[in-house]
1. Between beta-carbons, use under 13 Å as the cut-off and find the net charge around ILE135, counting Lys and Arg +1, Asp and Glu -1.
2. Per residue and in Å³, how big is the convex hull formed by the alpha-carbon atoms of region 27-147?
3. Let me make sure I get this right: for region 156-267, a, b and c are the square roots of the gyration tensor eigenvalues over alpha carbons, sorted descending. Under 1.5 in a/c it's rounded, otherwise prolate if a/b > b/c, else oblate. Which is it?
4. Using a 7 Å offset from the Cα along the Cα-to-Cβ direction at both ASP34 and HIS214, what is the distance between the two label points in nm, to one decimal?
5. Given only helices, namely DSSP H runs of n ≥ 4 each adding -39500 (n - 2.57), what is the per-residue ellipticity at 222 nm of the chain, to the nearest 500 deg cm²/dmol?
6. Below 8 Å between Cα atoms, with a sequence gap of 6+, how large is the relative contact order for the chain in percent?
7. Taking the convex hull of the alpha carbon atoms in region 118-204, what volume per residue do you get, in Å³?
8. Express the C-alpha Rg of region 12-98 as a ratio against the empirical globular expectation 2.2 N^0.38 Å, rounded to two decimals.
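The values are calculated or read from the model by the stated rules, or taken from the named source; none is laboratory data. Computed from a predicted model, the values in this text were never measured in an experiment. Every residue, glycine as well, gets a Cβ built from its backbone with ideal geometry; the counts of neighbours run over all protein chains shown. Just the protein is used for accessible areas: all its heavy atoms, side chains included, with ligands, DNA and RNA removed. Shrake-Rupley method; radii C 1.70, N 1.55, O 1.52, S 1.80 Å.
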Amino acid sequence: MNDMSEAPEDDPEIRAALFEQGLLSPVIEQWRTDYLRQHAEWFDFARMINKLAMKLWTGHWDGMQGEKITALKPTASRIFGRAINNFAATVILCERGLAIEAAALARSTSEASIWLGYMVEKPDEALSDLDADDIHNFIGRYKELRRVSEISGDSLSVAYSHAEEKKLKTALNGRERPNWQKIAQTYGTSSAYMKFRIISGFYSHLSGASLQHHIQRAGDNTALNILGPHSEQIPHALYFACDALGDCGAAYSVIVDDHSAAQAFHDAIKPLNDLRDAIPPKSA
């Protein structure tokens, strides 16, 4: 375990609880108040931008009745709603000091912001690419079903996978798998893809970089493996999540033609960047 300046985990009872239940221990819930106090400005900002997002989403929630569920606005609404839920989960994790896991979840919010930006610029192409990406993923799953079924000798599943793949290829109608990097670099904000890669490499994907969070340097080239929590990373996790939700809100505001919401998300950029710039540099 690793956290808190006065090392309360050295208390025998707390230590026993942590070793028994890990980060599901009630001890972590007791520390929540400390995290909220230590990072009050960040949690206040997170709740503010969440309110902006909820006001925007609910304000247009019932205005799409009669539209095809796969049309632009209903699809964008689902993407934005999913991003709002991901954001809420990120904040909840941060409240318990699970900031590495929270930052990993912020990747989904970042991904949503790029798709919404794409829908602002080229709605028909974006909807087609979203559908094509889904179909390609289904085809990939049926190919994998066929592979494992062939190994096990399950001829019925092999035949089923061929039949379903044929239907999907008909629906695909020759469309290629969308190039995610190109989409992100073209239709996300100027730094959206860079931030997406940072979140992926340092928090989300299993990598040498992400595993560094689970090492506590002990000096003399020695170290200990730790579980966490990682409360010192709360500002970083909330920055990526708030930034991505702001980009989602700005794009969705354009899609539903809500000028006041667009201005509110624009006005949130500077205070967010001010908070980011005040994050203390990581000590060596």
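1. Combined, the nearby Lys, Arg, Asp and Glu give 0.
2. 147
3. Oblate shape, in that a/c is at least 1.5 and b/c is the bigger or equal ratio.
4. Each label point lies 7 Å from its Cα, and together they span 2.3 nm.
5. For the chain, the value works out to -23000 deg cm²/dmol.
6. In percent, rounded to a whole number, it is 29.
7. Hull volume over Cα atoms, normalised by residue count, gives 103 Å³.
8. 1.55
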